[in-house]
Amino acid sequence: MKNTALSHIHESLGAKMVPFAGYNMPVQYEGVNAEHATVREGVGVFDVSHMGEFHLKGKNALALIQKIATNDASKMVVGQAQYSCMPNYDGGIVDDLIIYKINEEEYMLVVNASNIEKDWNWITKHNDLGVIMENNSENYSLLAIQGPKAAAAMQSLTKIDVTNMKYYTFQIGEFAGVDDVIVSATGYTGSGGFEIYFKNEVAETIWENIFKAGADFGIKPIGLAARDTLRLEMGYCLYGNDINDTTSPIEAGLGWITKFTKDFINADQFKKEKEHGTERRLVAFELDERGIPRHDYDIVDSEGKKIGVVTSGTMSPSLGKGIGLGYVPNIFKKTGSKIYIQVRKKQIPATVVKLPFYKK
């Protein structure tokens, strides 16, 4: 089991640690609901240093990204980030990722922790363009400072104007007394904030300075369990649950990051799906009665016939009701459609709703 540069600090703070994607990670500190509320109302810090960082360099770096990813990276300017996914040849997704344009000939790709090796091998296999590739996943730490008070809490640590940073842009500069920190207006919670990338050796210094600067704002460390409830309230896909090697970006509702302004791996198949539709769609649902939908619970119709499975589900801390995502046949994809979730021996009625579940 690998540790992040901050695992010992989480343990000293009394975090419940669990194995996740090969890393020893904090799942919760004071409890999921309290941590969830901290991020929705104030500011919290997640250690997500298990994520992978690849750097692609050279005059053909963009060409390689255009081939392996569905979104159109040619539209990016330096200092911009872009959400995308890498398709496979079977109509599924190798991984979803964020692409950062560092300069005209350098990009950083941030990939899911559980897919680092798979993604690296996939990109390497398609790199027939002489692009220099560096896997810096083991060298970088990543903190997500999230919540409506994040900018105010962190502004004293940097000359970068974090208060007015546009969503999905980033700057590289001094942060918490450390040079060359990537400060990115991205996140996975829907409550605003930043993600910061830096070398492992300065992790403790940055962590300490963040908590000193945020003390007056009620800043707290947050575990992976609240990260999951926060992202699900926004309807953000989780790789391994809602998207995987067998789900297409079109049926997963990721048509908005699938651009046919260029050619990419398996583009023809996805173009057909976009034009003619898919047999199933990922939908969001709320339970009409008390209950908690869980990953892999069956979704059934009014006659009890199985029509799909729950890919992500939880009791929403913000809404106080059961919410979830799951794939169902197209006839059930319309908002207002009635489906049922098989919770043990009971079939609980649910309604298909529009995302996000949580509206500010």
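The values are calculated or read from the model by the stated rules, or taken from the named source; none is laboratory data. Keep in mind that what you see is a predicted model, and the values were worked out from it rather than measured. Note: ideal-geometry Cβ built from the backbone for every residue, glycine included; neighbour counts use all protein chains shown.
Here is how the numbers come out for the structure above:
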{"read-out": "Residue satisfying all of: in segment 163-173; loosely packed, with under 12 Cβ neighbours inside 10 Å and over 20 Å from the mean Cα position of the chain (by Cα); nearest to residue 150 (Cα to Cα) among these", "value": "163"}
{"read-out": "Only one of 305, 345, 321 that is assigned by TED's automatic domain parsing to the domain that holds residue 286, farther than 23 Å from residue 244 by Cα and either at pLDDT below 95 or in contact with a helix residue (DSSP H, G or I) (Cβ under 6 Å, 6 or more places away or on another chain) (or both)", "value": "345"}
{"read-out": "Residue among 118, 101 that is of a type outside the set (Asp, Glu), over 14 Å from the mean Cα position of the chain (by Cα) and under 14 Å from residue 137 (Cα atoms)", "value": "118"}
{"read-out": "Residues (within 21 Å of the chain's Cα centre (by Cα) and either outside any strand (DSSP E or B) or surrounded by 23 or more Cβ atoms within 10 Å (Cβ to Cβ) (or both)) located in segment 205-230", "value": "221, 222, 223, 224, 225, 226, 227, 228, 229, 230"}
{"read-out": "Tally, over segment 40-86, of residues that are more than 16 Å from residue 110 (Cα to Cα), buried (at least 23 other Cβ atoms within 10 Å of the Cβ) and more than 17 Å from the chain's Cα centre (by Cα)", "value": "1"}
{"read-out": "Residue match in segment 328-337 (condition: surrounded by 20 or more Cβ atoms within 10 Å (Cβ to Cβ) and either more than 21 Å from the chain's Cα centre (by Cα) or among the aromatic types (Phe, Trp, Tyr) (or both))", "value": "yes"}
{"read-out": "Given (1) under 20 Å from the mean Cα position of the chain (by Cα); (2) free of Cβ contacts under 8 Å to residues at least 24 places away in the same chain, number of the condition residue 284 does not satisfy", "value": "(2)"}
{"read-out": "Some residue of segment 98-113 being surrounded by 17 or more Cβ atoms within 10 Å (Cβ to Cβ), part of a loop (DSSP other than H, G, I, E, B) and small (Gly, Ala, Ser)", "value": "no"}
{"read-out": "Matching option when the condition is crowded, with 18+ Cβ neighbours inside 10 Å, part of a loop (DSSP other than H, G, I, E, B) and not basic (Lys, Arg), among 123, 116, 145, 160", "value": "160"}
{"read-out": "Residues (surrounded by fewer than 23 Cβ atoms within 10 Å (Cβ to Cβ), part of a strand (DSSP E or B) and either outside the structural domain of residue 229 (by TED's automatic domain parsing) or on the phi > 0 side of the Ramachandran plot (or both)) located in segment 174-204", "value": "180"}
{"read-out": "Residue in segment 258-276 that is in contact (Cβ under 8 Å) with a residue 24 or more places away in the chain, out of contact with any strand residue (DSSP E or B) (no Cβ under 9 Å at 6 or more places or on another chain), polar (S, T, N, Q) and not assigned by TED's automatic domain parsing to the domain that holds residue 81 present", "value": "yes"}
{"read-out": "From 39, 27, 45, residue being assigned to a helix (DSSP H, G or I), farther than 30 Å from residue 133 by Cβ and in contact with a strand residue (DSSP E or B) (Cβ under 7 Å, 6 or more places away or on another chain)", "value": "39"}
{"read-out": "Single match in 113, 144 (criterion: in contact with an Asp or Glu (Cβ under 6 Å, 6 or more places away or on another chain) and aliphatic (A, V, I, L, M))", "value": "144"}
{"read-out": "Selected residue (only one of 346, 333, 321 is within 28 Å of residue 36 (Cβ to Cβ), basic (Lys, Arg) and in contact (Cβ under 8 Å) with a residue 40 or more places away in the chain)", "value": "346"}
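For (1) touching a residue at least 40 places away in the same chain (Cβ under 8 Å); (2) hydroxyl-bearing (Ser, Thr, Tyr), each residue gets a yes or a no:
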position: 226; (1), (2): yes, no
position: 229; (1), (2): yes, yes
position: 233; (1), (2): yes, no
position: 236; (1), (2): yes, yes
position: 239; (1), (2): yes, yes
position: 242; (1), (2): yes, no
position: 250; (1), (2): no, no
